1. I need the full set of residues from the stretch 30-57 which are of a type in the set (Asp, Glu) and open to solvent by less than 50 Å² (accessible area, probe 1.4 Å), in order please.
2. Can you pull out every residue in the stretch 1-18 that is free of Cβ contacts under 8 Å to residues at least 40 places away in the same chain and within 14 Å of the ligand (Cβ to nearest atom)?
3. Across the stretch 239-249, which residue is least open to solvent (accessible area, probe 1.4 Å) among those that are more than 25 Å from Met1 (Cα to Cα) and more than 13 Å from the ligand (Cβ to nearest atom)?
4. Inside the stretch 227-238, can you point out the residues that are open to solvent by 10 Å² or more (accessible area, probe 1.4 Å) and over 13 Å from the mean Cα position of the chain (by Cα)?
5. Given the structure, is Arg133 open to solvent by 30 Å² or more (accessible area, probe 1.4 Å), part of a helix (DSSP H, G or I) and farther than 27 Å from Asp240 by Cα?
6. Give the residues of the stretch 1-29 that are within 18 Å of Ala235 (Cβ to Cβ), hydroxyl-bearing (Ser, Thr, Tyr) and open to solvent by 60 Å² or more (accessible area, probe 1.4 Å), sorted by residue number.
7. In the stretch 77-95, what count of residues is obtained for those that are within 16 Å of the chain's Cα centre (by Cα) and either surrounded by 22 or more Cβ atoms within 10 Å (Cβ to Cβ) or among the hydroxyl-bearing types (Ser, Thr, Tyr) (or both)?
8. Could you please let me know if Thr74 is modelled with pLDDT of 95 or more and either crowded, with 18+ Cβ neighbours inside 10 Å or within 27 Å of Val227 (Cβ to Cβ) (or both)?
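The values are calculated or read from the model by the stated rules, or taken from the named source; none is laboratory data. Predicted model, so just to flag it, every value in this text is computed and none were measured. Glycine also receives a Cβ, built like all others from the backbone with ideal geometry; neighbour counts cover every protein chain displayed. Ligands, DNA and RNA are stripped out before the accessible areas are found, and what is left, the full protein with its side chains, is counted by its heavy atoms. Shrake-Rupley method; radii C 1.70, N 1.55, O 1.52, S 1.80 Å.
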Amino acid sequence: MRKQIVAGNWKMNNDLSQTGSLIDALKSKTQTSNAEVMVAPTFTNLYHAFEALKTVNIEVVAQNMHFAENGAYTGEISASMLKSVGIQTVILGHSERRAYFNETDELLAKKVDAALANNMRVIFCFGEELADRKSGNEETVVGNQIKNALFHLDASAFKNIVLAYEPVWAIGTGETASPEQAQDMHAFIRKTLSDKYGNEVANTVSILYGGSVKPANAQEIFSKPDVDGGLIGGAALNADDFFAIVNAF
Ligand code: PGA
């Protein structure tokens, strides 16, 4: 049975006091689904969020990390630093990291290795750009992103990996992949995993969809057989909307 997961990526939003208000609002909500719930505040608010949410069923996760353990990497944060404030899961490879901070598949492979070596769980993001989809190359692009960053791993590593398919053209644009487009790509991703690692791995890895998921479309997207949850940006900044999505299963 695959885990259903709804993760809120707060991106570079919310200072300390806004983070506290959003957490209070989240804690007032009732979860009616069995989904695992996660939120990803900015680095400066991780410790506060971890402390504030440790008594409820909401895991606090990081949006990024560096691959090195420590050293002369000004401005960066390591896996052990995240773990020291209670963080067990990290989002890697978000399209904004790839586009604005030049994160390549090769770099992401190192980050994945570092997270797994620290016994952390990884939410690994990937997805094609609009031009790729227009030219019919979306499966090639997505297949390569997965192969280049993950296919050096042993099958056993995948128990700590969650995949998040996020078509770049659907992130923050209000344009969502249709439930059928999401399902088609998720089925392709599962087949890609199965071809390399076999059905057991492919059938146990959770694959999330991300890109303009809202309360109004979550249920239809989550009803697709290969969609195991969502990575939520904009709608995760509002507790009512976020919990409407969490409870859409
Ligand atoms: P969005 O962002 O829900 O605002 O489109 C999704 C994401 O970037 O993870």
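1. Hit for the stretch 30-57 is Glu36, nothing else.
2. Met12 - this is the single residue of the stretch 1-18 that is free of Cβ contacts under 8 Å to residues at least 40 places away in the same chain and within 14 Å of the ligand (Cβ to nearest atom).
3. In this case the residue turns out to be Ala239.
4. Once the filter is applied, which keeps residues that are open to solvent by 10 Å² or more (accessible area, probe 1.4 Å) and over 13 Å from the mean Cα position of the chain (by Cα), the stretch 227-238 yields Gly234, Leu237, Asn238.
5. It is true that Arg133 is open to solvent by 30 Å² or more (accessible area, probe 1.4 Å), part of a helix (DSSP H, G or I) and farther than 27 Å from Asp240 by Cα.
6. Ser21, Ser28
7. Residues in the stretch 77-95 being within 16 Å of the chain's Cα centre (by Cα) and either surrounded by 22 or more Cβ atoms within 10 Å (Cβ to Cβ) or among the hydroxyl-bearing types (Ser, Thr, Tyr) (or both): 8 in total.
8. Spelling it out, it is not the case that Thr74 is modelled with pLDDT of 95 or more and either crowded, with 18+ Cβ neighbours inside 10 Å or within 27 Å of Val227 (Cβ to Cβ) (or both).
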